[in-house]
Ligand SMILES: [Zn+2]
């Protein structure tokens with residue numbers, strides 16, 4: 001774990017567990033504060049990574065010179081952590097964009113890495129979608145872009161209202177994706193039709 005004061009973080013985690021009434025002196029729980037810190041560090045690694053997640057879009061290829069089609073990637077799995085409770089939320093993303101003729105496109109894996117890059121930090125689902133869309137619009141100068149996110153928030157499903165089956169769905173559309181008929185085409189492709 002880089003960029004983190006491990007010893008301090010571990011003793012803080014131990015204190016928190018102890019204050020919750022959890023005895024961390026037993027064999028099974030002695031290393032729990034360390035595992036807790038490592039797990040949280042992994043979920044928030046983006047905070048300590050100096051690279052801008054949008055930079056994964058720097059490696060590009062030319063788009064077709066005339067009539068480029070919409071590019072949509074579905075089923076991008078992601079895990080993030082909600083900044084309000086520090087509990088994970090996870091789900092899947094659909095990311096799409098429409099390049100300008102002769103401008104730039106990226107390899108398919110880059111869209112998944114873009115989502116992951118913005119996910120590994122304390123987040124709000126709404127902001128995650130907005131950041132993904134803004135990065136595509138900014139880096140690729142696309143005609144339009146969209147990001148649909150469907151996620152299970154464990155702060156909702158495991159506690160509080162305990163709505164086990166509740167899913168949060170958010171949609172961010174930019175540029176030509178905001179208007180018909182591009183909007184409908186993106187939404188249809190996101191469902192696989
Ligand atoms: Zn939450």
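The values are calculated or read from the model by the stated rules, or taken from the named source; none is laboratory data. Every value quoted in this text rests on a predicted model; they were computed, and no experiment measured them. Here the Cβ positions follow ideal geometry from the backbone for every residue, glycine too, while neighbour counts run over all protein chains shown.
Some points to look at:
- Residues of segment 108-128 that turn out to be touching a residue at least 24 places away in the same chain (Cβ under 8 Å) and within 16 Å of the ligand (Cβ to nearest atom), as a count: 8
- Residue in segment 61-83 that is assigned to a helix (DSSP H, G or I), in contact with a helix residue (DSSP H, G or I) (Cβ under 7 Å, 6 or more places away or on another chain), farther than 18 Å from residue 186 by Cβ and in contact (Cβ under 8 Å) with a residue 12 or more places away in the chain present: no
- Helices (runs of 4 or more DSSP H) fully within segment 91-193 counting 3 or more residues that are touching a helix residue (DSSP H, G or I) at 6+ places or on another chain (Cβ under 8 Å) and surrounded by 14 or more Cβ atoms within 10 Å (Cβ to Cβ): 108-119, 125-140, 182-190
- Filter result for residue 47 (surrounded by fewer than 19 Cβ atoms within 10 Å (Cβ to Cβ) and within 16 Å of the ligand (Cβ to nearest atom)): no
- Scope segment 61-95; condition within 20 Å of residue 124 (Cα to Cα) and away from the ligand (no atom under 16 Å from the Cβ); matching residues: 75, 76, 77, 92, 93, 94, 95
- Exactly one residue out of 62, 50 is out of contact with any strand residue (DSSP E or B) (no Cβ under 8 Å at 6 or more places or on another chain) and at negative phi: that is 50.
- Qualifying residue in segment 108-118 (condition: at pLDDT below 95 and touching a strand residue (DSSP E or B) at 6+ places or on another chain (Cβ under 8 Å)): yes
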